[in-house]
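**Q** The structure is given below, and queries will be raised subsequently.
The values are calculated or read from the model by the stated rules, or taken from the named source; none is laboratory data. If you're wondering where the values come from, they're calculated on a predicted model, not measured in any experiment. Methodologically, a virtual Cβ is constructed for each residue, glycine included, from the backbone with ideal geometry; neighbour enumeration extends over all protein chains shown. These area figures cover heavy atoms from the full protein model, side chains too; ligands, DNA and RNA do not enter into them. Shrake-Rupley method; radii C 1.70, N 1.55, O 1.52, S 1.80 Å.
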Amino acid sequence: MTMLKIENLRIDIATQNGTLHAVRGVDLEVEKGEVVGIVGESGCGKSLTAMGLLGLLPRSAQRSADRIRFLERDLTKASVAELRGIRGNRIGMIFQDPMTALNPSYTIGDQLTEGYLHHRKTARKEAVERAIYLLNRTGITAARSRLSQYPHQLSGGLRQRIVIAMALMCEPDLIIADEPTTALDVTVQAQILRLIKDIQAEMAAGVIIITHDLGVVAQMADRVAVMYAGEVVEAGPTHSIFAAPQHPYTIGLLSCMPDAARRGRLGQIPGVVPSLIGERKGCAFRTRCPHATQPCRADIAIHRRAGGHSWRCTIPDQTANTRKS
Amino acid sequence: MKTHSLLSVSRVRKTYSVKQGLFGGRLPLHALSDVSFHIDEGEAVGLVGESGCGKSTLAKILLGLLEPSAGDVMISGQDLRRVRPSQRARLVQPVFQDPYSSLNPRKRVARIVGLPLELAGMSRDERQRRVMEILDHVGLPRHAANAYPSQLSGGQRQRVAIARALISRPRVLICDEPTSALDVSVQSQILNLLQDLRSEFNLSLLIVSHDLSVIRHMADRVVVMYLGRVVEEADTSSLFESALHPYTKALLSANLSTHPGSGLPMIDAKWDFPNPIAPPTGCPFHPRCSIAVQRCSTERPDLAQYGGQHCACHLAG
């Protein structure tokens, strides 16, 4: 069952130099119980896409979309009050830096129960029990005594587990995790990711995981969307994206990764990301693409293959080039 | 490769005094305890460990930015403490993690890169020539000389930082997380550049990183630190193929593969990093270790040799 379907999401930001089109017509679907990875480099619009769907954008940003269907509702038509009833309730959020995601002047217990009390209108005792259950579930020992502690008394890994517990308080249908492990050490990262994956499977929740780390998507996601300069340039099942990438940007990105099996020089993507200000015609990647030709300046067709693998490129099959690089 | 040690550290300690709360007294924090290692001429050594393990403190000591509390740092046969700063600058130079904060935003690139030469009293024309030359080497266009750091991308800024480090022709480059603030596609450019410069200038490198794939790609030899101590040291292939220390094994297993389906790793170590002010007795890793025995909590293992590897674990070998 498709729980989330975003169609043609656009986010424009007014700047002094003109309108910056940060997200340019993104389509994204999440099935129930599925982990979807959005991967891309800084400024590609991956975090804004998630924030845009939640309606959490800075004032200077303007969102438009044909439709954002979440469960049975269209979020583009939802009122502010309806959105508040969904955020933190039906959609849980896990942010990158647990130090800024937690309020330093409230106890862990207050922060964990706040959303639950607001959305469920239950007795405090019930909320506390739910918080303790989730702290235990996330592997935190002495859960009850943690409730009276403040964020600064806990390590980074502990804080991130609390942020995860907080996102799960109201049993959300969808969890959005924006770089959930980027600020953490590697051993803790693996443990946090496993925790998210286990809980997701248990609750059959949908997950959108946003990351720049190809290792994280490879191991976490069922499907991947690769974003470049505000567009999804390639999307599909994780296996086919990594085994047979079709878009030259995806191919380039994978070749940049240090790999034990392939010593020597790393792949490089020459040039820089184009400016996002103003309208664009043709392929966003053509200024850096090794295969760019004249047709790349015109509108780019989306190729689709069985199994849901799709990409935006003038070249219908890159498999030969993949093997070369 | 020559076997002459260009830089050697022996039994270095660094103790900070940390204030405990508003009215609390001060307690010692042992950031480094008896750390010894060396970098040979032309060698690239990787230093790996998690936050708080003392790797950045060690990098600062090697740069002469911090005084060790005890122990010796020898560089090119001289005691680092006796080397004048101007001379030290020609031996060892840093490349820091964040090219956004390590460059002065109010100075143009030519000035930033040329400053070491200016301080050495070099003439303007000569400086200008050397700056242009080094910009070519690090792959920056010559017109970048007139730019301010804010006009450059992250990767270009890191190239500026590398140019500044190289202009005084040092023997050793200390790279403290040189790519962790950069995107993947930019990271690969900087790592390739460091490799090229290494052979071009016969540089020795110390690569400090928490990213094992970067270390594996760049280093000839790896030093693993945990809570201020070296727990394992080995050449790169031995370390990645047959790590001895349980902490190294945990680190290696935590590295996520980009081949889908290898699955999320099961980490054979408990979560929590110990409090460095009250470090565990015995082996510093024992509270997180899955194979620890009674002896590990009372007796601290010394670094011992196992074939070509060094490891501090009672149960190694």
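**Q** So which of A:PRO245, A:PRO258, A:PRO237 is within 13 Å of chain B (Cβ to nearest Cβ), open to solvent by 10 Å² or more (accessible area, probe 1.4 Å) and at pLDDT 90 or above?
**A** Details: A:PRO245 fails: open to solvent by 10 Å² or more (accessible area, probe 1.4 Å); A:PRO258 fails: at pLDDT 90 or above.
Result: A:PRO237 is the single residue among A:PRO245, A:PRO258, A:PRO237 that is within 13 Å of chain B (Cβ to nearest Cβ), open to solvent by 10 Å² or more (accessible area, probe 1.4 Å) and at pLDDT 90 or above.
**Q** What is the number of the single condition among (1) without any contact (Cβ under 8 Å) to a residue 60 or more places away in the chain; (2) part of a loop (DSSP other than H, G, I, E, B); (3) surrounded by fewer than 23 Cβ atoms within 10 Å (Cβ to Cβ) that B:SER253 does not meet?
**A** The failed condition is (2).
**Q** Checking B:CYS311 against (1) crowded, with 17+ Cβ neighbours inside 10 Å; (2) within 14 Å of chain A (Cβ to nearest Cβ); (3) not acidic (Asp, Glu), which single condition isn't satisfied?
**A** Looking at each condition in turn, B:CYS311 falls short on (2).
**Q** I'm checking my understanding of the structure. Among residues of segment A:94-137 that are in contact (Cβ under 8 Å) with a residue 60 or more places away in the chain and not in a helix (DSSP H, G or I), which one is surrounded by the fewest Cβ atoms within 10 Å (Cβ to Cβ)? Let's see the steps before the verdict.
**A** Filtering segment A:94-137 down to residues in contact (Cβ under 8 Å) with a residue 60 or more places away in the chain leaves A:94-99, A:101-102, A:137.
Imposing the further condition that a residue be not in a helix (DSSP H, G or I) reduces the set to A:94-97, A:102.
Working: A:ILE94: 25, A:PHE95: 18, A:GLN96: 20, A:ASP97: 16, A:LEU102: 22.
By that ranking, first place goes to A:ASP97.
**Q** Given B:LEU119, B:LEU65, which one is farther than 26 Å from B:VAL184 by Cα, modelled with pLDDT under 95, surrounded by fewer than 16 Cβ atoms within 10 Å (Cβ to Cβ) and outside the structural domain of B:HIS217 (by TED's automatic domain parsing)? Break it down into steps so the answer makes sense when it comes.
**A** Details: B:LEU65 fails: outside the structural domain of B:HIS217 (by TED's automatic domain parsing).
B:LEU119 is the lone residue from the list that is farther than 26 Å from B:VAL184 by Cα, modelled with pLDDT under 95, surrounded by fewer than 16 Cβ atoms within 10 Å (Cβ to Cβ) and outside the structural domain of B:HIS217 (by TED's automatic domain parsing).
**Q** Do you know which of the residues in segment B:267-291 that are among the small types (Gly, Ala, Ser) and touching a helix residue (DSSP H, G or I) at 6+ places or on another chain (Cβ under 8 Å) is modelled with the highest pLDDT?
**A** Initially, segment B:267-291 is screened for residues among the small types (Gly, Ala, Ser), giving B:269, B:278, B:282, B:290.
Next cut, touching a helix residue (DSSP H, G or I) at 6+ places or on another chain (Cβ under 8 Å) only: B:269, B:282, B:290.
Details: B:ALA269: 69, B:GLY282: 94, B:SER290: 89.
Applying the filter and picking the extreme gives B:GLY282.
**Q** Ok, one more. Give segment B:122-153 a look and list any residue that's over 25 Å from B:ASN202 (Cα atoms) and open to solvent by 10 Å² or more (accessible area, probe 1.4 Å), or say none.
**A** Going through segment B:122-153, the residues over 25 Å from B:ASN202 (Cα atoms) turn out to be B:123-125, B:143-153.
Scanning segment B:122-153 gives B:SER123, B:ARG124, B:ASP125, B:HIS143, B:ASN146, B:ALA147, B:TYR148, B:SER150, B:GLN151, B:LEU152, B:SER153.
**Q** Still on this structure, I have one more. Can you name every residue in segment A:267-282 that is open to solvent by less than 30 Å² (accessible area, probe 1.4 Å), of a type in the set (A, V, I, L, M) and farther than 15 Å from B:LEU182 by Cα? Reasoning before the result, please.
**A** First pass over segment A:267-282, keeping only residues open to solvent by less than 30 Å² (accessible area, probe 1.4 Å): A:267, A:269, A:276, A:278, A:282.
Still in the list and also of a type in the set (A, V, I, L, M): A:269, A:276.
Hit for segment A:267-282 is A:LEU276, nothing else.
**Q** For A:PHE285, work out the one condition from (1) within 12 Å of chain B (Cβ to nearest Cβ); (2) over 19 Å from B:VAL184 (Cβ atoms); (3) open to solvent by less than 30 Å² (accessible area, probe 1.4 Å) it doesn't fulfil.
**A** Single failed check for A:PHE285: (2).
**Q** Next up: Name, by its number, the condition in (1) within 27 Å of A:ARG130 (Cα to Cα); (2) surrounded by fewer than 18 Cβ atoms within 10 Å (Cβ to Cβ); (3) touching a Gly at 6+ places or on another chain (Cβ under 8 Å); (4) of a type outside the set (Phe, Trp, Tyr) that does not hold for A:MET3.
**A** Of (1) within 27 Å of A:ARG130 (Cα to Cα); (2) surrounded by fewer than 18 Cβ atoms within 10 Å (Cβ to Cβ); (3) touching a Gly at 6+ places or on another chain (Cβ under 8 Å); (4) of a type outside the set (Phe, Trp, Tyr), only one is false for A:MET3: (2).
**Q** Being assigned to a strand (DSSP E or B) and either open to solvent by 10 Å² or more (accessible area, probe 1.4 Å) or free of Cβ contacts under 8 Å to residues at least 24 places away in the same chain (or both) is the filter here; which residues of segment A:26-48 pass it? Even if it seems obvious, please write down each step before you answer.
**A** Going through segment A:26-48, the residues assigned to a strand (DSSP E or B) turn out to be A:26-31, A:35-39.
The answer is A:ASP27, A:LEU28, A:GLU29, A:GLU31.
**Q** Go through A:GLY307, A:GLY267 for me and flag whichever is at positive phi and either outside any strand (DSSP E or B) or within 12 Å of chain B (Cβ to nearest Cβ) (or both). Quick ask: steps written out before the conclusion?
**A** Numbers: A:GLY267 fails: at positive phi.
Among A:GLY307, A:GLY267, only A:GLY307 is at positive phi and either outside any strand (DSSP E or B) or within 12 Å of chain B (Cβ to nearest Cβ) (or both).
**Q** Kindly indicate whether any position in segment A:7-25 is in contact with a Ser or Thr (Cβ under 9 Å, 6 or more places away or on another chain), closer than 17 Å to A:VAL163 by Cα and open to solvent by 60 Å² or more (accessible area, probe 1.4 Å).
**A** Looking for residues that are in contact with a Ser or Thr (Cβ under 9 Å, 6 or more places away or on another chain), closer than 17 Å to A:VAL163 by Cα and open to solvent by 60 Å² or more (accessible area, probe 1.4 Å), one finds none in segment A:7-25, hence no.
**Q** Restricted to segment A:155-182, and to residues that are over 16 Å from A:SER47 (Cβ atoms), part of a loop (DSSP other than H, G, I, E, B) and open to solvent by less than 10 Å² (accessible area, probe 1.4 Å), which residue is farthest from the other protein chains (Cβ to nearest Cβ)?
**A** A:CYS170
**Q** Identify, from the list A:MET51, A:MET99, the residue that is within 14 Å of chain B (Cβ to nearest Cβ) and within 28 Å of A:ASP213 (Cα to Cα). Before the answer, list the steps.
**A** Values: A:MET51 fails: within 14 Å of chain B (Cβ to nearest Cβ).
Of A:MET51, A:MET99, the one residue that is within 14 Å of chain B (Cβ to nearest Cβ) and within 28 Å of A:ASP213 (Cα to Cα) is A:MET99.
**Q** Restricting attention to segment B:31-59, which residues are crowded, with 19+ Cβ neighbours inside 10 Å and more than 22 Å from B:GLN93 (Cβ to Cβ)?
**A** So the first thing to find is which residues in segment B:31-59 are crowded, with 19+ Cβ neighbours inside 10 Å, and the list is B:31-33, B:35, B:37, B:39, B:43-50, B:52-59.
Listed by number, the residues that qualify are B:ALA31, B:SER33, B:GLY49, B:GLU50, B:GLY52, B:CYS53.
**Q** List the number of the failed condition for A:MET51; all other conditions in (1) in contact (Cβ under 8 Å) with a residue 12 or more places away in the chain; (2) open to solvent by less than 70 Å² (accessible area, probe 1.4 Å) hold.
**A** (1)
**Q** Okay, next question. Can you find even one residue in segment B:188-198 that is more than 11 Å from chain A (Cβ to nearest Cβ), more than 24 Å from B:CYS313 (Cβ to Cβ) and open to solvent by 20 Å² or more (accessible area, probe 1.4 Å)?
**A** For segment B:188-198, residues more than 11 Å from chain A (Cβ to nearest Cβ), more than 24 Å from B:CYS313 (Cβ to Cβ) and open to solvent by 20 Å² or more (accessible area, probe 1.4 Å): present.
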